[in-house]
Amino acid sequence: MREILDRRKDMKQNEFQFWRMLAVIFAIPALPCLLWPPARFGAAFFGALAVGCAGEAAAVRWSPDSIAARRVAVLGRILFALFLISFIIIQGIILSGCRPDPEAENADYVLVLGAQIYADRPSASLQSRLDAAFDYLQRNPTARAILCGGQGSNEVMPEAWMMRDYLLARGVPEQRLLIEDQSSNTIQNISNAYQQYLSPGDRTAVITNEFHLSRARRLMSSAGLDPYGIPSPTPYVSVRIIQHLREYCSVLGLIVSGRWF
């Protein structure tokens, strides 16, 4: 009997060490993410996982003496398992959508989705989208670009206007650039662009970073538009990782709310 009790005690100690180690592993990347504004979502994401794992470690440690702690420990394991399963499935969805669609060529309109801007320039991610838009407009001389993006609380102007200035500086004629500057998220980008500029039968495509393309296609289709996408590369490995974490949350939100299907 004593041997069984000792074995259970060792198992609880090992489980406690496992969750404590996970908490430390998640806390390590959370700290540097605080120092770089484009990566601050990573601090919240990894920080939440670190706190959750630390809480699970505490529940496991107290579970031999508390029924409530045992229940919390079981619930924590279930929630963490559901997180892992959903994360793997949704990252598969995101990665499967990174490819370009040949049908995107020769569209009447291409929606260029906005992203963060700074006082004097687009962010690296947005510049990548704009460079892809420039190349697309060069290949498709009759297409027009709808530049989508409103003004965030930390931005000096609507994103769409800086996007327009960037493409004008590269030589794109002004009449080929249409402005949608009232939106604050991807759903509004697409909905506002449709209401302002598009008619039934218009052939459409969308340009955004590759991590964002699967969700953009889904929302284009839901709005009644052609879900053809052109990916632009996301600069910097660190930014790509953080954006995949953010995209996981965005896609999960659409799935949970029933708007993905």
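The values are calculated or read from the model by the stated rules, or taken from the named source; none is laboratory data. The structure displayed is predicted, hence computed values, not measured ones. Ideal geometry is used to build each Cβ from the backbone, glycine not excepted, and the neighbour counts take in all protein chains shown. Protein only, heavy atoms only, side chains kept; ligands, DNA and RNA dropped before computing areas. Shrake-Rupley method; radii C 1.70, N 1.55, O 1.52, S 1.80 Å.
Please say if the chain is rounded, prolate or oblate, where rounded means a/c under 1.5 for a ≥ b ≥ c the square roots of the C-alpha gyration tensor eigenvalues, and otherwise the choice is prolate for a/b larger than b/c and oblate otherwise? Prolate shape, in that a/c is at least 1.5 and a/b is the bigger ratio. For the chain, the mean residue ellipticity at 222 nm estimated from helices alone is -20500 deg cm²/dmol, where every DSSP H run of n ≥ 4 contributes -39500 (n - 2.57) and the total is divided by all residues, rounded to the nearest 500. Is the shape of segment 1-147 best called rounded, prolate or oblate, per the rule: a/c under 1.5 gives rounded, else a/b larger than b/c gives prolate, else oblate, with a ≥ b ≥ c the square roots of the Cα gyration tensor eigenvalues? Since a/c reaches 1.5 and a/b is larger than b/c, the shape of segment 1-147 is classed as prolate. Please give the charge dipole size of the chain, origin at the Cα centre, charges +1 on K and R Cβ atoms and -1 on D and E Cβ atoms. Round to the nearest 20 debye. The dipole of the chain has a size of about 1100 debye. One decimal place: the segment I25-R121 gains 31.0 nm when fully extended, by the rule 0.36 nm per residue minus the C-alpha distance.
When the Cα gyration tensor is reduced to axis lengths a ≥ b ≥ c, the ratio a/c stays below 1.5 for segment 104-235, which is therefore classed as rounded. Surface composition of segment 1-114: carbon and sulfur make up 70 percent of the accessible area, probe 1.4 Å.
Under the convention that each Lys and Arg Cβ holds +1 and each Asp and Glu Cβ holds -1, the size of the dipole of segment 155-261 around its Cα centre is about 340 debye.
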